[in-house]
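Trainee: Dropping a structure here in structure tokens format, bear with me for questions.
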Amino acid sequence: MVGRQEDKMCLAQVEDKIKNSKRKSAIESTDFLDMYQLSLVRTYLKKNNITNYKLYGGYEEAERKILLVYPENEDEIAISKQIEELLKIVRIKVSEEEKGKYSHRNYLGGIIKLGLKREKVGDIVVSPDGADIIVVKEFAEILLKELPSLTRFQNSKISIHNIKELHKQEIKVEDVKIIVPSLRLDTVVSDLARTSRSKAVQIIKQERVFINGQNETKVSKQLKLADLLTIRGKGRFIIKEVTGTTRSGRQVVRVEKYV
């Protein structure tokens, strides 16, 4: 959970980027922001009527993104070109013997073990062959140099690539059926996280729940069909349809879970 002081620091950084972009007439960018920070920043930008910005993580579905603030009169094509140059991919290709062995946790754990800054790293796109780690450009060479010192990657091939070369995963979903009194947030989180109602309330209050990318702490919030629900540590879900009701009046809901 990001505390109040961290919130202030995050927004102070954003404010500095806005001022510097205007003063220099140039693009300014932050480090990677997590889902909570992105929600915080979106609210701040909307409140202050800031429209000359983009949130970019290398691909559309990225969870971690950088904020780019650009001059108001900047050409869209020029912006897009400069944005792509801000991020790189550090690709780990594992040996034949290690294919399918490592998960997202293994790759992220390795980076943290090296004592490297998490905010310099975006999404980690994992495949059986290895992983594409999205990083800010200036961090790519550091990661390239440090990763081979980890025993788990000593037999891996590690290289740097342009962001356009990202190996995107095919998005896979599975159908999940839940039976709830209503589409109230705490009841849905309780079912999807397979926990008690009181624990679900705790998860929501800990700012671990997002609806369509926006942090939501109101337990009585009513979800709608097509809402994308993210529960940190539990997964991402799309509310697809209400397929019926039980004799007691509870709703039978079909949900798609990202796997």
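Trainee: Please go through region 70-93 and give me each residue that is touching a Phe, Trp or Tyr at 6+ places or on another chain (Cβ under 9 Å) and at pLDDT 95 or above, ordered by number.
Mentor: Selection gives Leu87, Lys88, Val90, Ile92.
Trainee: Please report, ordered by residue number, the strands (runs of 3 or more DSSP E) entirely within region 155-259 with at least 3 residues that are more than 30 Å from Ala131 (Cα to Cα) and not assigned by TED's automatic domain parsing to the domain that holds Glu60. Break it down stepwise before answering.
Mentor: On the way: elements: 157-162, 173-180, 209-211, 228-231, 235-245, 251-258.
Here the list reads 173-180, 235-245, 251-258.
Trainee: Taking the condition of being within 22 Å of the chain's Cα centre (by Cα) and of a type in the set (Lys, Arg), how many residues in region 126-176 meet it?
Mentor: Summing the residues that are within 22 Å of the chain's Cα centre (by Cα) and of a type in the set (Lys, Arg) in region 126-176 gives 4.
Trainee: Out of all the residues in region 179-215, which are crowded, with 19+ Cβ neighbours inside 10 Å, over 18 Å from Val259 (Cα atoms) and not aliphatic (A, V, I, L, M)?
Mentor: Asp186, Thr187, Ser190, Arg208, Asn215
Trainee: Here is a further query. With respect to Val176, determine if the residue is in contact with a Ser or Thr (Cβ under 8 Å, 6 or more places away or on another chain), of a type in the set (Val, Ile, Thr) and surrounded by 12 or more Cβ atoms within 10 Å (Cβ to Cβ). Quick ask: steps written out before the conclusion?
Mentor: Numbers: in contact with a Ser or Thr (Cβ under 8 Å, 6 or more places away or on another chain): no; of a type in the set (Val, Ile, Thr): yes; surrounded by 12 or more Cβ atoms within 10 Å (Cβ to Cβ): yes.
In short, no.
Trainee: If you check Leu33, Leu68, Leu38, which single one turns out to be touching a residue at least 24 places away in the same chain (Cβ under 8 Å) and over 14 Å from the mean Cα position of the chain (by Cα)? Even if it seems obvious, please write down each step before you answer.
Mentor: Values: Leu33 fails: over 14 Å from the mean Cα position of the chain (by Cα); Leu38 fails: over 14 Å from the mean Cα position of the chain (by Cα).
None of the other options fit; the residue is Leu68.
Trainee: Pick out, from region 1-113, the helices (runs of 4 or more DSSP H) lying fully within it that include 2 or more residues that are buried (at least 17 other Cβ atoms within 10 Å of the Cβ) and not hydrophobic (A, V, I, L, M, F, W, C).
Mentor: Details: elements: 4-24, 35-47, 76-84, 104-113.
Helices (runs of 4 or more DSSP H) meeting the threshold: 4-24, 35-47, 104-113.
Trainee: Exactly one of (1) part of a loop (DSSP other than H, G, I, E, B); (2) at pLDDT 90 or above is unmet by Ile134. Its number?
Mentor: The one condition Ile134 does not meet is (1).
Trainee: Return the residues of region 138-154 that are assigned to a helix (DSSP H, G or I) and either surrounded by 12 or more Cβ atoms within 10 Å (Cβ to Cβ) or aliphatic (A, V, I, L, M) (or both); say none if nothing qualifies. Outline the logic, then answer.
Mentor: From region 138-154, those assigned to a helix (DSSP H, G or I) are 138-149, 151-153; that's our starting set.
Residues satisfying the conditions are Phe139, Ala140, Glu141, Ile142, Leu143, Leu144, Glu146, Leu147, Pro148, Arg152, Phe153.
Trainee: Here is a follow-up. Tell me yes or no: at least one residue of region 34-56 is within 28 Å of Leu150 (Cβ to Cβ) and not charged (D, E, K, R). Can you show your working first?
Mentor: Within region 34-56, the subset within 28 Å of Leu150 (Cβ to Cβ) is 34-35, 37.
Those left that are additionally not charged (D, E, K, R): 35, 37.
Looking for residues that are within 28 Å of Leu150 (Cβ to Cβ) and not charged (D, E, K, R), one finds at least one in region 34-56, hence yes.
The values are calculated or read from the model by the stated rules, or taken from the named source; none is laboratory data. Please read all numbers here as calculations on a predicted model, not as lab measurements. Methodologically, a virtual Cβ is constructed for each residue, glycine included, from the backbone with ideal geometry; neighbour enumeration extends over all protein chains shown.
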